[in-house]
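K.L.:
Below is a structure I'd like to ask you about.
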2 protein chains.
Amino acid sequence: MKKYLFGVDIGGTTIKLGIISTEGHIIDKWEITTKKGDQSDQIPNDIWEALSLKMNDHQIDKNQVLGIGAGAPGFVMTETGVIAQAVNLGWIDFPLGELLKNLSGLPVYIDNDANIAALGENWLGSGDLAENLVAITLGTGVGGGIIANGQIVSGTNGMAGEIGHMTMQYNGAPCNCGRNGCLETIASATGIARITNERIDKYPNSILRDIRSLKGKVTAKDVFDAYKESDELATEVVNHITDVLGLAISNIATIVNPSKIVVGGGVSKAKDALLVPLEAAYKRYALPRIVEGSSFTIASLGNDAGIIGGAYLVKQHQL
Amino acid sequence: MKKYLFGVDIGGTTIKLGIISTEGHIIDKWEITTKKGDQSDQIPNDIWEALSLKMNDHQIDKNQVLGIGAGAPGFVMTETGVIAQAVNLGWIDFPLGELLKNLSGLPVYIDNDANIAALGENWLGSGDLAENLVAITLGTGVGGGIIANGQIVSGTNGMAGEIGHMTMQYNGAPCNCGRNGCLETIASATGIARITNERIDKYPNSILRDIRSLKGKVTAKDVFDAYKESDELATEVVNHITDVLGLAISNIATIVNPSKIVVGGGVSKAKDALLVPLEAAYKRYALPRIVEGSSFTIASLGNDAGIIGGAYLVKQHQL
C-alpha cells in the first residue's frame, strides 16, 4: 500500500501544505490563508480541514498517511509540539501538536519553520542528505537551521540555529531583538540596504546614487547588481557584509563542522556575486581542515523547502 | 550477569583506563605510560594488554564487557574509528578502532578526547544528562565538546567543537594553528598570561608586578588571585578575557541552545572569579530566552571525565 507524508509550513500570511510520497515526490501542494486568532484553534482546524479535503480528492485513506510534519514561526518545544511563542501568530504556549494530533488521529511532529526548511533542503534540495549541515536564509532577516548527526538541532527551548542573532559587532546597529550588532543587522537584505545608504554620500560616482534618485531607495539586489558592474561603493559594501557573514559562518562551522553550507533567501539570488566573496571570507577565518570538509551551495527548493522538510520530519520518525 | 564498560583516555604522556559499571560506578581506574610509536600498533596493544590484566584481577569475563570507548587527541573519524591526525602521537590515518576491535573482539567506539570528556561530564559530572550541552576546557589551550540531541557532535571530519579556534579578534595575536585572533589566544591560561604581560608596564602599582619580580613570570592563577584582591590590572584583564569568552559562548549558544554550559580545565579553578564576570558577559550578548534556558557550572570530574565519557559512549551505543 502506498504511503504518504503531510508537510505543513505555517507563515504569518499563508499556510503552505503538501502531500508527499515517502520517496519524495510532491503529489500535491497548495496554500490557504492564515486566519490568525490568538490562542484559538482556528489554524489547526483549517490545516486539518484542508488536508482532509485533499485526501478525498486523491482518494488517500488515513491509514496510508504516516503523519503530519509542521513548521511554525517562533520558539517551538519539539518534544511536546507546544509553540512557546510565535509573535506573528499571536501564540503563547500554544499546543499546536496536541490539537493537530487530536483532530487528525495521526502522529504529528512540529519544529521551527527555519529548521524544517533546512531539513527539506537536506532531503530533496542542495543538502544531499548531509549528516551535518548549516542552512542560512538571508532575507528581510537572517534565519538558520542546523543539522547535526542527521537531526535538526532545536535546542533546549527552541532557540537553536538563531544565526541572525549572533553578536558580530560591539556597539553595532540596533537589532529588532533589542540588542546591538547582530548578524541580522549586517547580512540581511535590510542590513545591506542600511549599510549602503549610510555610506552612499561618500561615493559621488556610484551608480547606486542614480538608482536612489530614480527609485527613492536602494535595495540589496541593486547593490549586488552594481557589484557585478564593479561599482566602488557596491564593492565596499559586498566585501564588508560577506566578510562579517564569512566570519559568522566560520565560527558556526568551528562548532558543528558541516559538510554542506546552504545559503537561501532573497539575497542568495545574487548567486556568485554573493558566494565568491563569501567563500573567500570563510576561508580567511576557518581552520583549513574545516574548509576542506565543507562546500557552499545555494538553496534550491525555494518556497517548497518547508513542506518537504515537514514531510521528511515524519519520514525520519516513522521509517 | 553484571556488565561492564571500558573507558580509555589516550593522552600524549599517559593513557588513562577505567572499568566502569553500567550504573556508572568506577570499579577500577589506572594509568599507563604512552609509548609513542608513529604508525605502529604499540598503543592499542598496550591498551588491550592493560585491560586484559585487570579483567583477570577483577574476574571479569569478556562476555560481561559491553565494549571499549576511547578518546584520542586529534581529528577522529567516528564512523570508522580512524584517527585522521593526532600530532602529539604521530598518527596519520591511524585505524585505532579497527586495531582495538581485532585485539579485543569487543565493540569499539572512538571519538575526540575533548568530546569524550564532555560526554563524561554529562553522564556523571555537572551535566545531569542534558540533551544539549556545551563543555569548554580552559587550559594551556581552549578545547570544547558539544552535545546536541543527547549525542556528541563530531562533525564531518572530526573538527566539531574546536571552540578554541573560533576567530574572536581581527588581526589578533598569532595562534598555534597559524591564524590570528583565535579564542585560544585570549581565554587560555597562556593567553591570560600573555595579555597580562603586555599590559603590566602600564600598572606600576599592580601586585602582579611584585609576583613577576619574585617568580620571573605571571600565570593565569596569579591573575585571578589578584582579581580577588581587586588589583586594577587583574580586573582589567579578567574583564577583557571574560568579555571575549562570554561573547564566544553566547554565539555558540545561539547555534545549539544548550541547557548546560560546563567550564573545566585549570583556569576554571578560579571558580566564581571566572564564572561571575563570564556569566555577566554572556548575558550581555545572548538572547534573553537563550540565557533563561541555560546555566553555567564548573566541571566536576577532573581527570576522570575521559574514562567516564568513553564508558558512556559504549553505554549509549549498546543499551
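The values are calculated or read from the model by the stated rules, or taken from the named source; none is laboratory data. Since the model is a prediction, treat every value here as computed from it, not as a measurement. Cβ placement follows ideal geometry from the backbone for every residue including glycine, while neighbour counts extend to all protein chains displayed.
K.L.:
With respect to A:Ile298, determine if the residue is among the β-branched types (Val, Ile, Thr), surrounded by 24 or more Cβ atoms within 10 Å (Cβ to Cβ) and either outside the structural domain of A:His240 (by TED's automatic domain parsing) or touching a residue at least 60 places away in the same chain (Cβ under 8 Å) (or both).
P.N.:
no
K.L.:
Do we find a residue being within 14 Å of chain B (Cβ to nearest Cβ), more than 19 Å from the chain's Cα centre (by Cα) and aromatic (Phe, Trp, Tyr) anywhere in the stretch A:276-290?
P.N.:
yes
K.L.:
Restricting attention to the stretch A:237-250, and to residues there that are over 13 Å from A:Leu274 (Cα atoms) and not small (Gly, Ala, Ser), which single residue is surrounded by the most Cβ atoms within 10 Å (Cβ to Cβ)?
P.N.:
A:Ile249
K.L.:
Here's a follow-up. Quick one: B:Gly266 ticks every box in (1) within 14 Å of chain A (Cβ to nearest Cβ); (2) in contact with a Gly (Cβ under 7 Å, 6 or more places away or on another chain) except a single one, so which number is it?
P.N.:
Result: B:Gly266 passes all but (1).
K.L.:
Of all residues in the stretch B:127-151, count the ones that are more than 7 Å from chain A (Cβ to nearest Cβ) and in contact with a strand residue (DSSP E or B) (Cβ under 6 Å, 6 or more places away or on another chain).
P.N.:
Residues meeting the conditions: 11.
K.L.:
Could you tell me which residue of the stretch B:9-29 is nearest to the chain's Cα centre (by Cα), considering only residues that are surrounded by 14 or more Cβ atoms within 10 Å (Cβ to Cβ) and farther than 20 Å from B:Gly67 by Cβ?
P.N.:
B:Gly11
K.L.:
Shifting gears a bit: Select from the stretch A:80-99 the residues that are in a loop (DSSP other than H, G, I, E, B) and crowded, with 19+ Cβ neighbours inside 10 Å and list them in ascending order.
P.N.:
A:Gly81, A:Pro95
K.L.:
Going by the structure shown, is A:Arg289 surrounded by fewer than 17 Cβ atoms within 10 Å (Cβ to Cβ), assigned to a helix (DSSP H, G or I) and not polar (S, T, N, Q)?
P.N.:
No, not satisfied.
K.L.:
Filter the stretch A:60-79 for residues that are without any contact (Cβ under 8 Å) to a residue 60 or more places away in the chain, part of a loop (DSSP other than H, G, I, E, B) and either among the aromatic types (Phe, Trp, Tyr) or within 17 Å of A:Gln318 (Cα to Cα) (or both) and give the result.
P.N.:
Selection gives A:Glu79 alone.
K.L.:
Provide a single number: the residues in the stretch A:260-286 that are assigned to a helix (DSSP H, G or I) and out of contact with any helix residue (DSSP H, G or I) (no Cβ under 6 Å at 6 or more places or on another chain).
P.N.:
Looking only at that region, the number is 9.
K.L.:
Taking the criterion of being out of contact with any helix residue (DSSP H, G or I) (no Cβ under 7 Å at 6 or more places or on another chain) and without any contact (Cβ under 8 Å) to a residue 24 or more places away in the chain, would at least one residue in the stretch A:102-118 satisfy it?
P.N.:
yes
K.L.:
Something else about it: Counting just the residues of the stretch A:248-257 that are within 17 Å of A:Glu162 (Cβ to Cβ) and touching a residue at least 24 places away in the same chain (Cβ under 8 Å), which one comes out farthest from the other protein chains (Cβ to nearest Cβ)?
P.N.:
Here the answer is A:Ile249.
K.L.:
Sticking with this one: Does the stretch A:222-233 contain any residue that is closer than 27 Å to A:Asp304 by Cα, in contact with a Lys or Arg (Cβ under 7 Å, 6 or more places away or on another chain) and either more than 13 Å from chain B (Cβ to nearest Cβ) or among the aliphatic types (A, V, I, L, M) (or both)?
P.N.:
No: zero hits.
K.L.:
Follow-up. Filter the stretch A:21-51 for residues that are in contact (Cβ under 8 Å) with a residue 40 or more places away in the chain, farther than 16 Å from A:Pro73 by Cα and in contact with a Lys or Arg (Cβ under 9 Å, 6 or more places away or on another chain) and give the result.
P.N.:
Once the filter is applied, which keeps residues that are in contact (Cβ under 8 Å) with a residue 40 or more places away in the chain, farther than 16 Å from A:Pro73 by Cα and in contact with a Lys or Arg (Cβ under 9 Å, 6 or more places away or on another chain), the stretch A:21-51 yields A:Thr22, A:Gly24, A:Lys29.
K.L.:
I've got another one for you. Which of the numbered conditions does B:Ile255 fail, given that it passes all the others? Conditions: (1) part of a helix (DSSP H, G or I); (2) more than 19 Å from A:Met168 (Cα to Cα).
P.N.:
Going through the list (1) part of a helix (DSSP H, G or I); (2) more than 19 Å from A:Met168 (Cα to Cα), B:Ile255 breaks only (2).
K.L.:
For the stretch B:152-172, what are the residues that are more than 7 Å from every other protein chain (Cβ to nearest Cβ) and at positive phi?
P.N.:
B:Gly158, B:Asn171
K.L.:
What do you reckon, is B:Ala226 surrounded by 18 or more Cβ atoms within 10 Å (Cβ to Cβ), not charged (D, E, K, R) and not in a strand (DSSP E or B)?
P.N.:
yes
K.L.:
What's the total number of residues in the stretch A:30-59 that are surrounded by 14 or more Cβ atoms within 10 Å (Cβ to Cβ) and in contact with a helix residue (DSSP H, G or I) (Cβ under 6 Å, 6 or more places away or on another chain)?
P.N.:
5
K.L.:
From the list B:Tyr227, B:Tyr203, B:Tyr170, which residue is farther than 18 Å from B:Val267 by Cβ and touching a residue at least 12 places away in the same chain (Cβ under 8 Å)?
P.N.:
B:Tyr203
K.L.:
Further, regarding this structure: Which residues, counting only those in the stretch B:258-273, are closer than 28 Å to B:Ile211 by Cα and either among the polar types (S, T, N, Q) or free of Cβ contacts under 8 Å to residues at least 60 places away in the same chain (or both)?
P.N.:
The answer is B:Ser268, B:Lys269, B:Ala270, B:Lys271, B:Asp272, B:Ala273.
K.L.:
Now for a separate question. Residues in the stretch A:49-59 that are under 25 Å from A:Thr34 (Cα atoms) and either outside any helix (DSSP H, G or I) or modelled with pLDDT under 95 (or both): how many?
P.N.:
Going through the stretch A:49-59 one residue at a time, the tally reaches 1.
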